[in-house]
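Written out below as structure tokens is the structure these notes cover.
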Amino acid sequence: MEVHNVEFLISAVRPEQYPDPIIPEIALAGRSNVGKSSFINTLINRKKLARTSSKPGKTQQLNYYQIEDLFYFVDVPGYGYARVSKTEKAKWGDMLETYFSTRENLALALLIVDFRHTPTADDIQMKEFMDYHGVPYFVIATKTDKIKKSQWNKHLSDIYKTLNLESIDQILPFSAETKEGKDEAWEIIQAVLDG
Ligand code: GDP
């Protein structure tokens, strides 16, 4: 897809702040620094639209972007490497709980993980949130350019097993560096929008 109009809308915490649910929404979930902004930027052919990794504490918001008049991308924060307090973790959990349980136009979640590493407890928790709330999801394993092709199967199988997925085909290898997986990512999104 050729995207011309992308607009940053709002950093929302509470449901009253979410944009009107008049178009479908695609959530991008993942730990900070995993490559979420790079993923969005690759899809929309921009160098620097999505704000890249903000500081811990500032990441406890849902950042909304509107793509044409077609759909919203919402950047859903993870804990990342931040050492946040128990209170902050609880707030984060409540925010996600509210979001996933109430957002009626949520059509798809893309769980972004690092292809190089075994998914973390946060990644597993995020996947479980989606299962629990019946949100359709796809796993995007990014930074594939860092791994030799001969090692790919090992990494795919590790992600598949650790996240306890139904099928290994739920994982899309992706790289913002080489644009690997970009067309396939758009196909996944398009299928949901056509849905
Ligand atoms: P975010 O915090 O999840 O939005 O992560 P960013 O998109 O800001 O990426 C974090 C860091 O990883 C940056 O230094 C990016 O340049 C780098 N990065 C992101 N995606 C890729 C990728 O596909 N390949 C490589 N080699 N580096 C990447």
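Some notes on this structure:
- Flag if Tyr64 is of a type in the set (Phe, Trp, Tyr), modelled with pLDDT under 95 and over 23 Å from Glu2 (Cβ atoms): no
- Residue check, Ala107 at negative phi and modelled with pLDDT of 90 or more: yes
- Contacts under 6 angstrom Cβ, first residue in the stretch 113-126 being under 16 Å from Gln151 (Cβ atoms), partner β-branched (Val, Ile, Thr) and modelled with pLDDT under 95, 6 or more apart: Asp114/Val34
- Residue check, Asp158 among the charged types (D, E, K, R), more than 12 Å from the ligand (Cβ to nearest atom) and assigned to a helix (DSSP H, G or I): yes
- Residue within the stretch 146-153 that is of a type outside the set (Asp, Glu) and under 17 Å from Leu28 (Cα atoms) present: no
- Only one of Ala107, Ala121 that is within 21 Å of Ile26 (Cα to Cα) and not aromatic (Phe, Trp, Tyr): Ala107
- Looking only at the stretch 116-141, and only at residues there that are in a loop (DSSP other than H, G, I, E, B) and not hydrophobic (A, V, I, L, M, F, W, C), the one that is surrounded by the fewest Cβ atoms within 10 Å (Cβ to Cβ): Gly134
- Pair list, Cβ < 7 Å and 6+ apart or interchain, from the stretch 12-34 residues that are closer than 22 Å to Glu128 by Cα to residues that are of a type in the set (S, T, N, Q) and not in a loop (DSSP other than H, G, I, E, B): Pro15/Thr98; Pro15/Thr102; Val34/Thr142
- Qualifying residue in the stretch 19-40 (condition: at pLDDT below 90, in a loop (DSSP other than H, G, I, E, B) and either out of contact with any helix residue (DSSP H, G or I) (no Cβ under 6 Å at 6 or more places or on another chain) or of a type in the set (Phe, Trp, Tyr) (or both)): yes
- Residue satisfying all of: in the stretch 12-49; under 12 Å from the mean Cα position of the chain (by Cα) and of a type in the set (D, E, K, R); surrounded by the most Cβ atoms within 10 Å (Cβ to Cβ) among these: Lys36
The values are calculated or read from the model by the stated rules, or taken from the named source; none is laboratory data. Keep in mind it's a predicted model, so treat the numbers as computed, not measured. No Cβ is skipped: glycine too gets one built from the backbone with ideal geometry, and neighbour counts run over all protein chains shown.
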